[in-house]
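Each remark here refers to the structure printed beneath this line.
The values are calculated or read from the model by the stated rules, or taken from the named source; none is laboratory data. These numbers were taken from a predicted model, which means no experiment stands behind them. Here the Cβ positions follow ideal geometry from the backbone for every residue, glycine too, while neighbour counts run over all protein chains shown. Just the protein is used for accessible areas: all its heavy atoms, side chains included, with ligands, DNA and RNA removed. Shrake-Rupley method; radii C 1.70, N 1.55, O 1.52, S 1.80 Å.
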Amino acid sequence: MTKTVNHWIGGKPVERAAGASGTYGPVTDPATGAVTTQVAFADVEEVDAAVAAAREAYATWGQSSLAQRTTVLFKFRALLDANRDAIAQLITAEHGKVHSDALGEVARGLEIVDLACGINVQLKGELSTQVASRVDVASLRQPLGVVAGITPFNFPAMVPMWMFPLAIACGNTFVLKPSEKDPSAAMKIAELLSEAGLPDGVFNVVHGDKVAVDRLLEHPDVAAVSFVGSTPIARYIHTTASANGKRVQALGGAKNHMLVLPDADLDAAADAAVSAAYGSAGERCMAISAVVAVGAIGDELVAKIRERAEKIKIGPGDDAASEMGPLITAAHRDKVASYVTGAAAQGCEVVLDGSAYTYEGAGYENGHWIGLSLLDKVPTSADAYKDEIFGPVLCVLRVESYDEGLALINASPFGNGTAIFTRDGGAARRFQLEVEAGMVGVNVPIPVPVGYHSFGGWKDSLFGDHHIYGNDGTHFYTRGKVVTTRWPDPSDAPAGVDLGFPRNH
């Protein structure tokens with residue numbers, strides 16, 4: 001029997017009344033293609049109810065003590081840790097990624113919960129005394145109110161945890177609109193927050209499509225919006241929410257390059273390229289999708305990548321032997337495959353073609369399967385290079401020099417993450433300063449910052465002034481206030497008022 005995922009509003013799941021006209025969307029098991037769940041799509045009234053619950057809760061949560069907020073977060077962290085496996089199972093069932101990848105996702109989300117538990121350090125103000133005679137100036141940070149998060153399908157637990165722990169630790173209340181493709185992890189998180197003692201209405205979840213998104217972007221009681229997704233939608237989110245007077249951080253797409261210099265350890269570079277390109281089936285914004293080989297190493301590097309890629313075991317995410325699972329939907333699978341089937345006609349050399357891969361196993365015939373693909377000598381005019389594919393397709397480009405490789409990378413409209421593989425410290429230093437990207441790895445293929453440093457790209461990979469989590473996250477979810485104070489000296493008290501201070505001190 002198909003289960004139903006409803007909204008979470010005011011501290012509990014909210015079911016629609018019998019006969020209500022609201023719509024539902026299907027959630028499939030990517031390994032089988034079977035519809036396992038229906039998820040309620042919020043209409044304007046349901047979004048308004050979630051925002052109203054958050055606004056009501058803010059009246060007290062926004063005035064609560066840091067100790068109260070962090071106490072709840074510490075309890076939530078313990079519950080999250082104890083339920084890692086259960087959340088990972090939900091992710092695998094609806095997203096398709098292998099269980100180890102799903103566990104890794106939860107672990108990365110935990111990093112931000114850890115940061116939120118110690119939010120008192122980030123929220124410290126500043127004080128300057130005696131800036132003038134008996135005048136002190138203090139700066140402090142205060143919460144915004146109701147804030148919203150709109151998150152993608154590829155990390156249904158981690159990306160929400162990049163947002164709401166810091167938001168609620170800062171004193172805000174939160175409305176989450178997760179991807180309608182894999183909604184169950186968000187609901188499990190809502191249950192754990194409630195179990196941890198989070199007051200009703202501080203964290204709410206509404207599911208849906210553009211109707212729900214647009215209502216959050218225009219709602220007068222939503223002060224800020226955080227978003228992670230594709231570049232076209234990030235641009236739309238930023239433009240629309242900003243026009244409605246909201247603070248916005250909108251993280252977009254990527255085309256992450258890995259520059260491999262002739263002196264690099266090619267075995268290490270090949271290992272890194274395979275894990276970074278094909279891990280989580282390439283469905284991540286920090287995937288390496290373009291390897292730039294400098295000089296004569298190209299043939300050897302491609303051979304090493306191919307050798308490793310051919311050994312990757314593809315299968316259901318809940319099979320411990322699987323190293324890569326299926327893609328999220330059949331439509332996405334077909335789109336990813338089209339980049340490979342059309343590559344040769346656009347000048348690419350197809351080294352590995354995984355577009356027709358099928359998994360042999362009873363019950364899995366209709367799964368969203370695709371194999372690993374490797375394209376060599378890819379021209380920059382090819383669609384496989386220009387577009388964010390978001391699947392297990394790795395492009396290799398050839399250049400003659402470091403300067404040519406740098407220019408190629410910097411010409412990309414995206415600037416999310418990049419990496420260089422070399423043994424030369426001077427070359428690495430130049431690259432980290434000269435490359436136009438927000439996150440740089442030196443012999444690290446996926447340079448996702450730890451929780452206390454912020455995550456975010458440049459150019460068309462980020463819209464808005466703030467990166468996500470870290471210090472930028474704290475600043476995004478608070479606003480500054482400066483208080484200038486002047487008090488008369490107690491010795492100058494009016495006549496007849498004795499404060500016990502000598503006159504004319």
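Length gained on full extension, A82 to K335: 87.3 nm, using 0.36 nm per residue less the C-alpha separation.
In this structure, E45 and A320 have a Cβ-Cβ separation that, at R0 = 51 Å, corresponds to a calculated FRET efficiency of about 0.70. In the structure shown, the pairs K177/K255; K12/K75; K3/K313; K210/K255; K97/K311; K177/K481 are assessed against 23 Å; a Cα-Cα span above that value is assigned to K177/K255; K3/K313; K210/K255; K177/K481. Here r is the Cβ-Cβ distance between E365 and E310 and R0 is 22 Å; the resulting FRET efficiency, rounded to 0.05, is 0.40. Subtracting the Cα-Cα distance of E434 and S65 from their residue separation scaled by 0.36 nm leaves 128.4 nm.
Only helical runs count toward this figure. For the chain, summing -39,500 (n - 2.57) over DSSP H runs of n ≥ 4 and dividing by all residues gives -10500 deg cm²/dmol at 222 nm. Ordering 443-456, 340-353, 407-420 by mean Cβ neighbour count within 10 Å, with the highest value first, yields 407-420, 443-456, 340-353. In the stretch 49-118, the ratio of gyration radius to Kirkwood radius, Rg to Rh, stands at 1.10 when only Cα atoms are counted. In the chain, the DSSP beta bridges split such that about 40 percent are antiparallel, to the nearest 5.
Given a 1.4 Å probe and every protein chain left where it sits, what share in percent of the accessible area of the chain is carbon and sulfur? Carbon with sulfur: 52 percent of the solvent-accessible area.
With only the Cα atoms considered, the stretch 1-73 has a convex hull volume of 134 Å³ per residue. Between E349 and K459, the distance separating the two model label sites (each 7 Å from Cα on the Cα→Cβ line) works out to 2.6 nm. Taking label points 7 Å from Cα along the Cα-to-Cβ direction, Q38 and V135 give a separation of 6.7 nm. In this rough spin-label picture, where each label sits 7 Å from Cα along the Cβ direction, the T23-V444 distance is 4.3 nm. Counted residue by residue at 0.36 nm each, then reduced by the alpha carbon distance between them, the extension gain from F74 to D263 reaches 63.4 nm. Computed across the stretch 359-505, the Kirkwood radius stands at 20.8 Å (inverse of mean 1/r, all Cα pairs). Here the stretch 214-255 and the stretch 278-339 have alpha carbon centers that stand 31 Å from each other.
By DSSP, the beta bridges lying fully in the stretch 351-505 are antiparallel in about 35 percent of cases.
About the centre of its Cα atoms, the chain shows a dipole size close to 1280 debye [charges on the beta carbon of Lys, Arg (+1) and Asp, Glu (-1) only; nearest 20 debye]. Over the chain, the ratio between the Cα radius of gyration and 2.2 N^0.38 Å evaluates to 1.09. Relative contact order, whole percent, for the chain stands at 18, derived from Cα pairs under 8 Å and 6 or more residues apart.
A Förster radius of 45 Å combined with the Cβ-Cβ distance from T380 to L127 puts the calculated FRET efficiency at roughly 0.25.
Structural size metrics of the stretch 14-149, computed from C-alpha coordinates, are Rg and Dmax of 21.6, 75 Å.
In the full protein context, the stretch 274-399 carries 38 Å² of accessible surface per residue, based on a 1.4 Å probe and ignoring ligands, DNA and RNA. Where in the stretch 383-403 is the amide nitrogen less than 19 Å from a point lying 7 Å along the Cα-to-Cβ axis of D299? From the stretch 383-403, the list is 396-401.
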